[in-house]
Amino acid sequence: MSDILYAEANFTEFNLRTFDGRIEESYMAERVEESFELLCAKCGKNLTKGEYENGKLQYTKRGRKIPGIDDKYGSTEMSGDLIVIYSMEHKRCSKKL
């Protein structure tokens, strides 16, 4: 489907750091392109351009239980890519798992 929503990320620069702070800025400059298919945080279905343009989507609320994922949305245990993938949900989702 050509109207499925994707989030696109472009990284060009990485810093070297530890937990305590940054060691070196611009440690490595590498072009990394990645895209993530957006899924509804309530039902897990693909989100579409039409739903977005018609105002049928909203940002996922922190703490929402995501179907098939053990962590709640926005928790420190949830990986960055999953936070992006489940960043939106249907306002009135017809199927909650």
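Points worth noting:
- Under-5 Å amide H pairs with Y27, H placed in peptide plane, nonlocal only: F14, N15, L16
- For Y52 and D71, the difference between the fully extended length at 0.36 nm per residue and the C-alpha to C-alpha distance is 4.3 nm.
- Placed amide H near T48: partners under 5 Å, 5+ positions off or other chain: L5
- Per residue, the convex hull spanned by the Cα atoms of region 1-65 amounts to 138 cubic angstrom.
- Dipole moment magnitude, nearest 20 debye, region 36-90 about Cα centre, only Lys, Arg, Asp, Glu C-beta charged: 280
- Footprinting exposure proxy ranking of F14, F19, F36, fewest other C-beta atoms within 10 angstrom first, gives F19, F14, F36.
- For I66, the amide hydrogen comes within under 5 Å of the amide hydrogens of Y73, counting only partners 5 or more places away or on other chains and with H modelled in the peptide plane.
- Ranking of M78, M28, M88 by count of other Cβ atoms within 10 Å, fewest first: M28, M78, M88
- Translational diffusion of region 36-90, µm² s⁻¹ [Kirkwood Rh, Cα pairs; Stokes-Einstein; 37 °C; 0.692 mPa s]: 294
- Karplus-derived 3J(HN,Hα) values for region 11-20, using 6.51 cos²θ - 1.76 cosθ + 1.60 with θ = phi - 60°, are 10, 10, 9, 10, 9, 9, 8, 10, 4, 6 Hz; glycine and proline are entered as x.
Readers should treat all values here as calculations from the given coordinates under stated rules, not as data from a laboratory. This is a predicted model, so every value here is computed, not measured. Note: ideal-geometry Cβ built from the backbone for every residue, glycine included; neighbour counts use all protein chains shown.
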